[in-house]
């Protein structure tokens with residue numbers, strides 16, 4: 001078995017000096033049972049295109065390569081490149097390593113260059129310090145290049161993504177994520193599962209893209225950013241920066257009271273406000 005011939009991850013970390021860097025938000029997953037469980041959240045098949053962000057020493061990478069997929073990893077830490085490259089000796093050159101910052105990566109081009117004609121699966125134990133920024137980037141991607149995502153977040157961030165209106169954790173991230181995807185919880189992981197352990201627990205979320213996007217996501221992002229940046233204020237005040245002197249009339253057309261606050265408005269209602277706003281801009 002390939003697993004039996006691979007050097008243990010702790011040995012790889014030691015031999016390559018891969019101590020986790022706080023500045024890169026690194027917390028490594030070394031238990032192959034856990035990394036396989038993450039991979040099983042998506043129906044990845046042999047030769048599917050998959051992208052992994054921030055593979056580090058390659059714990060999740062190994063579990064992905066076991067599926068026989070065509071894997072492209074994006075890694076910013078130069079120390080990890082050699083350790084990852086060694087995996088091709090065990091997995092028939094199924095791994096492509098791209099050195100760089102995922103925030104600036106053009107994933108669609110990478111798929112065309114290293115994958116196949118299908119959209120890619122996206123899997124990652126995300127660096128905590130840029131997890132929400134990366135998620136927003138992928139949700140806004142047009143045209144969409146991913147077919148599903150299994151992503152690890154800090155538990156509090158995962159709670160914000162899946163929150164419903166009226167919940168104190170409900171916010172811009174909730175609205176945008178749930179407008180683009182069906183979001184479901186995979187499983188929780190305690191801090192002790194990581195090396196080194198972070199100060200908080202983590203959660204794997206699965207994102208299944210909706211076939212039809214209900215509104216302009218870029219406009220929705222601006223509207224929700226305005227609403228939740230002043231979440232204690234009434235909508236007629238907080239949305240004025242985006243909707244201008246049409247704020248009250250747009251809210252009325254959406255059958256919303258202008259005295260409501262951001263967390264009292266549902267995902268579908270934000271979508272309706274966005275559709276009305278965009279239709280007025282086109283006139």
TODO: May I ask you to list the residues in segment 228-265 that are crowded, with 16+ Cβ neighbours inside 10 Å, touching a residue at least 40 places away in the same chain (Cβ under 8 Å) and not in a helix (DSSP H, G or I)?
DONE: 265
Open item on the list: Suppose we filter segment 59-77 for residues that are under 20 Å from residue 196 (Cβ atoms) and in contact with a strand residue (DSSP E or B) (Cβ under 8 Å, 6 or more places away or on another chain); how many remain?
Closed with: 5
- [ ] Name the one entry in 274, 247, 203 that is in the same structural domain as residue 166 (by TED's automatic domain parsing) and in contact with a helix residue (DSSP H, G or I) (Cβ under 9 Å, 6 or more places away or on another chain).
- [x] 203
TODO: Only one of these is modelled with pLDDT of 95 or more, surrounded by fewer than 19 Cβ atoms within 10 Å (Cβ to Cβ) and in the same structural domain as residue 150 (by TED's automatic domain parsing): 96, 72, 61, 67. Name it.
DONE: 96
TODO: Would you point out which residue out of 169, 132 is in the same structural domain as residue 47 (by TED's automatic domain parsing), crowded, with 16+ Cβ neighbours inside 10 Å, part of a loop (DSSP other than H, G, I, E, B) and at pLDDT 95 or above?
DONE: 169
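The values are calculated or read from the model by the stated rules, or taken from the named source; none is laboratory data. Predicted, not measured: the structure shown is a model, and the values here were computed from it. Cβ sites come from the backbone with ideal geometry, for glycine too, and all protein chains shown count toward neighbours.
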